[in-house]
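Okay, so here's the structure we're looking at.
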Amino acid sequence: MPKLTIIARTRDGLPLAASMEDDKYHRDLDVFKNQAKRIFKQLTPSSPARLSIESGSEVFHYIIDAGVCYLVLTERSYPKRLAFNYLEELQKEFNLMYAQEVDLAARPYAFIKFDAFIQKTKKLYVDTRAQRNVNKLNEDLADVQKIMMTNIQEVLGRGERLDSVMKHSGKLRDGAREYARQAKHLNTQMLLR
């Protein structure tokens, strides 16, 4: 389940929006908020666009797009694919609403109104067994299966081409032996004349 979500500008680590967590997690999340701030400060233009960072029994997942980092904290057992799907949904909506204003933001949490969308989206991703989430995972599995089938077809095609090349090379080898035998025979006939 997404416990903490923060959206920050990558060039300076300025937090643009964040989720308001429940009171029962508030004290525990202060440590993780500080870790998240350190992650934002360490981001560079060469940082990976997607990454998961383990922190004890929790994991930070982030994606970077258009100079904005979308970060979520989840339990270690939470499916990584669902965490990234969650971040992608946030990224799409945030881009639609605030893409033009990100560089102009001068104060922290300038887009705190985005918390309403974060909360709504977070509710959809709380239960990993929810039908919607299972469907998303199944779609991802279907995509992976299609890719694997394509790869297998390509390998089989290469195998057929390799068989054809092996047949041709066998014929060439046999032809070269016959040529060498006939050349030897002609040489001996020329010496006898």
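The values are calculated or read from the model by the stated rules, or taken from the named source; none is laboratory data. Note that the coordinates shown come from a computational prediction; the quantities given were computed from them, not determined experimentally. As a convention, Cβ positions derive from the backbone with ideal geometry for all residues, glycine included, and neighbour counts pool all protein chains shown. These area figures cover heavy atoms from the full protein model, side chains too; ligands, DNA and RNA do not enter into them. Shrake-Rupley method; radii C 1.70, N 1.55, O 1.52, S 1.80 Å.
Say we join alpha carbon atoms closer than 10 Å with springs in a Gaussian network model of the chain; which of Lys167, Lys41, Lys120 then has the biggest fluctuation?
Its mean-square fluctuation being the largest, the pick is Lys167.
Scan around Leu16 for amide H atoms under 5 Å from its own, H built in the peptide plane at 1.01 Å from N, and keep only partners 5 or more places away or cross-chain.
Placed amide hydrogens put Ile7, Ala8, Arg9, Tyr109 under 5 Å from Leu16.
Heavy-atom accessible area of Glu178 with all protein chains present, probe 1.4 Å, nearest 10 Å²?
70 Å²
So who's got an amide H within less than 5 Å of the one on Val68, skipping anything under 5 residues away but keeping other chains? H placed 1.01 Å off N, in plane.
Thr10
Angle between the Cα long axis of helix 115-124 and the longest principal axis of the chain, 0 to 90 degrees, nearest 10?
Rounded to the nearest ten degrees, it is 60.
So how strong a dipole does the range 63-129 carry about its Cα centre when Lys and Arg Cβ are +1 and Asp and Glu Cβ are -1, to the nearest 20 debye?
On the way: 10 positive and 9 negative charges, 64 e Å.
Dipole about the Cα centre, nearest 20: 300 debye.
Taking 8 Å as the Cα distance limit and 6 or more residues as the minimum spacing, I'd like the relative contact order of the chain as a percentage. Intermediate values should be presented prior to the final figure.
Working: 201 pairs, mean separation 43.8, N = 193.
Worked out over the chain, it gives 23 percent.
Along the positive direction of the dipole of the chain (beta-carbon charges: Lys, Arg +1; Asp, Glu -1; about the Cα centre), which of Leu71, Ile6, Leu104 reaches farthest?
Leu71
Per residue of the chain, what 222 nm ellipticity follows from adding -39500 (n - 2.57) for every DSSP H run with n ≥ 4, rounded to the nearest 500?
-20500 deg cm²/dmol
Roughly to the nearest percent, how much of the accessible area of the chain is carbon and sulfur, given a 1.4 Å probe?
Carbon and sulfur: 57 percent of the exposed surface of the chain.
Using the Cα centre of the chain as origin and beta-carbon charges of +1 (Lys, Arg) and -1 (Asp, Glu), tell me which of Leu51, Val31, Leu82 is placed farthest towards the positive end of the dipole.
The residue sitting most towards the positive pole is Leu51.
For the chain, with only Lys/Arg (+1) and Asp/Glu (-1) charged at the beta-carbon, what is the dipole magnitude about the Cα centre, in debye rounded to 20?
With only Lys, Arg, Asp and Glu charged at Cβ, the dipole is about 1020 debye.
Please give the FRET efficiency for Asp12 paired with Ile152, using the beta carbon to beta carbon distance and R0 = 30 Å, rounded to the nearest 0.05.
Values: r = 47 Å, r/R0 = 1.56.
FRET efficiency, Asp12 to Ile152: 0.05.
Lys184: net charge of surrounding residues, Cβ under 13 Å, Lys/Arg +1, Asp/Glu -1, itself excluded?
On the way: positive: Arg177, Arg181; negative: Glu178.
Counting the neighbours of Lys184, the net charge comes to +1.
Output the 0 to 90 degree angle, nearest 10, between the alpha-carbon long axis of helix 80-98 and the longest principal axis computed from the alpha carbons of the chain.
For helix 80-98, the angle is close to 60 degrees.
If you fit an axis through the alpha-carbon atoms of helix 23-42 and take the longest principal axis of the Cα set of the chain, what angle between them do you get, 0 to 90°, nearest 10?
The two axes meet at around 50 degrees.
GNM on the chain, C-alpha springs below 10 Å: top fluctuator among Asp115, Asp140, Asp174?
Asp174
Counting only protein chains, not ligands or nucleic acids, how are Ile118, Ile64 ordered by accessible area (probe 1.4 Å), most first?
On the way: Ile118 0, Ile64 45 Å².
Output order, biggest surface exposure first: Ile64, Ile118.
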